Structures are given as C-alpha cells and as structure tokens.
1. Take Phe116 and tell me if it is in a loop (DSSP other than H, G, I, E, B) and within 21 Å of Phe433 (Cβ to Cβ).
2. State the number of residues belonging to segment 388-416 that are over 24 Å from Ala303 (Cα atoms) and modelled with pLDDT under 90.
3. Residues to consider are Val80, Val110, Val122, Val90; find the one that is in a helix (DSSP H, G or I) and of a type in the set (Val, Ile, Thr).
4. Could you list, in sequence order, the residues of segment 260-310 that are modelled with pLDDT under 95 and within 26 Å of Arg353 (Cβ to Cβ)?
5. Against the conditions (1) surrounded by fewer than 20 Cβ atoms within 10 Å (Cβ to Cβ); (2) out of contact with any helix residue (DSSP H, G or I) (no Cβ under 6 Å at 6 or more places or on another chain), where does Thr307 fall short? Just the number, please.
6. Among the residues of segment 352-383 satisfying the criterion of being charged (D, E, K, R) and crowded, with 21+ Cβ neighbours inside 10 Å, which is farthest from Tyr297 (Cα to Cα)?
7. Is it the case that Val454 is free of Cβ contacts under 8 Å to residues at least 12 places away in the same chain and either over 28 Å from Asp239 (Cα atoms) or among the hydrophobic types (A, V, I, L, M, F, W, C) (or both)?
8. With the condition kept exactly as written, say whether any residue in segment 467-479 is part of a loop (DSSP other than H, G, I, E, B), modelled with pLDDT under 95 and either buried (at least 17 other Cβ atoms within 10 Å of the Cβ) or touching a strand residue (DSSP E or B) at 6+ places or on another chain (Cβ under 8 Å) (or both).
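The values are calculated or read from the model by the stated rules, or taken from the named source; none is laboratory data. Keep in mind that this is a model prediction, so the values were computed, not measured. We place every Cβ from the backbone using ideal geometry, glycine too, and count neighbours over all the protein chains shown.
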Amino acid sequence: MLWRVLPAICILSAWLHGCGRQEQPVDPNVIVIAARVGPNSLHPLKANDEGTARVGQLMYDTLMETGDDLRAHPRLAERVETPDSQTYTVHLRRGVKFHDGHEMTARDVVYTYSRFLDPDFVSPFKGAFTSMTSVRALDDYTVAFELKAPFPSFPVTNLVPVPIIPDGADEATLARAPNGTGPYRFVRYATDDQVEVKAFDGYWNGKPRNAGVLFKVIPDDTMRGLELRKGTADVIVNDIPPDIVHQMEKSGDYTIVRSPGLDFSYLGFNMRDPVVADRRVRQAIGYATNRDAIVKYLRRDLAHPATGLLPPQAWAYEPGIFTFTHDPTRAQQLLDEAGYPDPDGDGPLPRLRLSLKISTNEEVRLQSTVIQQDLRRVGIDLDVRAYEFATVFADILKGNFQMMSLQWVGGAVIDPDILRRVFHSTQVPPVGFNRGHYVNPEVDRLIDRASAAVDEQERKSFYGAAQRIIAEDAVYIPIWNRVNVAVARKNLDGLHLSPSIDMSMLKDVRRE
C-alpha cells in the first residue's frame, strides 16, 4: 500500500534498544543539535533560508520578539510607544553588550534599520520596509521610526525579525565573523558541516545554562537519528521524519516535546505558465490531493491539514475560507471544463502533463510521490524533479518552475502582513515573496486597506476578505501545518518549543 512506502527505517530497530559505548562531546556542557541544513550565509540581514535564520537566533537579538500568543513583546526594546499612528518610539534596554564588548545604543539600531532605506542594499527583509521613511536616534537609548502611512503591523513585521548589527559593520566582515548581542558568540563555521558558538557571559538576559552550542549539519534523516542514539548529538528540533519520531517514542529512551507549530507545507504555481494560470487546473489539483491521508500516514499526525498561509493561532486568521476536500470526481470535472478531457476513458493516456520542482529532502520526496499518484488518478501526469535545496530555491526565485513544493517556516507567518509580502502584485522577488507572480487587483486593494487601517477589527475584516479570495483562487494548495517536535536525550533539562521555534531557547537547556 502506498501509504506504507515510507523511509527505510529498518536499521533503526537495530540501535533504538541496542547497547554499546556511547560517545560524548569533547565538552559535556556543550549542547549538540543535529540539523538538516546549515546556513547559506552568516550575514543576519541576508537570511532567506532556515539554516541562516536558526544560527542567527543564537547570536543576535531583535528589538521585539513573538510570544506564544503570536503578539510582539519587548526584547532589546524596553518599551515601544506610538505618539501618533505614523511614529513608533523605541526605548532601548541599557547595558546590552555586543560580543566585542561595546554597549548597544541607538546608533547601532539606526545603522541596522537604515540599511533598508539604502536603494543599493539587497535583503529579503527589504520588502517589509516600504512604509518606513526614516529612522533616527533621539538620544543614546531612544529611536524614532517614521512611517509614510499608518501601519499597525510594524512592531511584528519590522521590529520582531530584524537582528541588530553594530554601527558601521562591514558587510564582508559580518558575513564571516558575526558580532551580535545574542546569548552565544561566534567561534567558527565549517561550511556545510558545523557551526560552533560559545556562551556569552555578558548576555543581558542572563548567561546561558550551558557552555555553548554545536550546530551539526547532517542532511541524512537516519544519520541524524543515529547521532542522537550514539550520544554525539543531544537534540533534534523538527528535522526528524515522523516515522523515526514514532520509533524513538516507542523505545521510551528519549524525551519527546511537542507544541503547536506554524510551519506551512504547500504546492505553489507559476502564474506566468499558461496551464497552471487557469484556476480550474489549480483547483483540480487541490481536490485531487488527499491531504488527510498525508497527515495521518506520512506525518503520523505530527501535523494538521492546513487551510491557508496564516495559521489558526494568528489573530487575523479567517476560519471561513474555502477549503479543499478530497474529491477526485470534482477534480476531473474541473479538468473537463478547463479543456483537458480524458483522451482514452479508463486508459493510460493522461489529460495533461505538469512538472513539480522539489528539494531532495526525503520527507518532501515522499510527500510529492503521494501527490503524484493522487494526480495520476484524475489524469494528470506529474513529473517530479528533485534538486539540492539551493538549486531549486534559486530556480523558484527566478521563476524557473511550473509547480513547486516548499514550506513557510515558523516566524515568517505570525503576522497577517505576510499576505502582502506573498500575494500582493508589487512583491515579486527580490523585494518580496510573490514567487508565483500572482496578480489580483481586488486582493491588492484589500491588503492595502488592511495595512493602512488602525482599528484591529477593521484590519481583520480586510485581511479575512483577502484570504477568502486567495483560497478560492488556489494560489497555494495548502497541505499541512506542522506540530513542532523535539527529540532529545533524557539527560537534557529546560527544553521548550515556541510556536515559531526560536533557537535562542537553547540558552535555557542544560545537561543534567
């Protein structure tokens, strides 16, 4: 049965309950995390991938952070005031030190944020700053942000995600020798192998409970599990297939921590392609895909069927949007309407052929194989092409794809302004994330009105209307929202998973 064609885990049974010498890190007070991917860059303002963001969270802080309620709360900011609807005044904590020993002041914050006003500066964060007109220091510990129009999402979309860098930091130096205010200071990076950081004794929010973190890049799913078993890794966060989580939980030898997650798996389309530009074709794909079976059998219930880009925990989430059921008959009707009749009845010839680009990640490949078979049943021949993540991501940014499968990770989707970044027609790469070149003037209008509205209920109404249109247009085919899971050795204490998985939580972890 297809749903049982899962990753080869037979070798796990040999070691889940096995015995043998358990290797330990050189320093027992260093926490070793096994990760699927490493950083593409160490420059915190260039982070457009999960690996860079995760490592950056160990070494850098932001003005605000997202709580479990998905609202913005002070971090490097002591408090934030809004003297008027177009001004945000940030009062900074005093005594915060960078890893090189100098105190963070308003100059550092102004330098960081002024990068986004520089027309020559390229950053994936830049699309979020179209509303900001100026940033200036009022004194050593106070910064004023001026906007060209009211933008209530500013604290979440602009003050939460941006790491603060030192005043005058050289771009090239920062990319090879990070210098932040986070709980860990940079030691070394062996490309595609390891990132080593040590506890920063001068951290403003208290010294970490461990000596440091070793971020080990292990692309192979089974090998990550083996590292945990051998004792050469302490914890894996989300980067572990559900089947292996299931086996480890059954063994009783590991601590399993779960929390509601935000990660969002989806199918995306290039709207400049004449075939998938037809909404009926996209909707047919949505009806043909058995998302419930993917969640139950492939994800082992470590996910929930998704309805859209915004997670259910978000305050602007619209519960009343259109949602696909698994309905192959309706999929075939839509393909007939779109001009793709079945050429030979129950015969082997397809109605049409499509191409799906994915990464080589095993979970993604298995999921895509399931979707491939689902689509075959309604007459769509899906050519699944797997590439290394860097290659497929570069192609997607260039628009070199027909269909693609990616995930939105963690904090990216905490605020409804992500709808502007992803679905507004002005937000095509490199300034935004509208990678499929979706254009709908009504969606643009609704998002613009939501972005400018001050009253939260009014904003929610506009965002809700936009979500309903986006869902009906099948811009994305939602697959699932992740249930966060960490698998750790029994001797770890203090592990907590936030919805957005901020890796700075490792500062509270220690080995008993």
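1. Working: in a loop (DSSP other than H, G, I, E, B): no; within 21 Å of Phe433 (Cβ to Cβ): yes.
It is false that Phe116 is in a loop (DSSP other than H, G, I, E, B) and within 21 Å of Phe433 (Cβ to Cβ).
2. So the count comes out to 1.
3. Of Val80, Val110, Val122, Val90, the one residue that is in a helix (DSSP H, G or I) and of a type in the set (Val, Ile, Thr) is Val110.
4. Across segment 260-310, the qualifying residue is only Leu298.
5. Exception for Thr307: condition (1).
6. In this case the residue turns out to be Lys357.
7. Details: free of Cβ contacts under 8 Å to residues at least 12 places away in the same chain: no; either over 28 Å from Asp239 (Cα atoms) or among the hydrophobic types (A, V, I, L, M, F, W, C) (or both): yes.
So Val454 fails the test.
8. no
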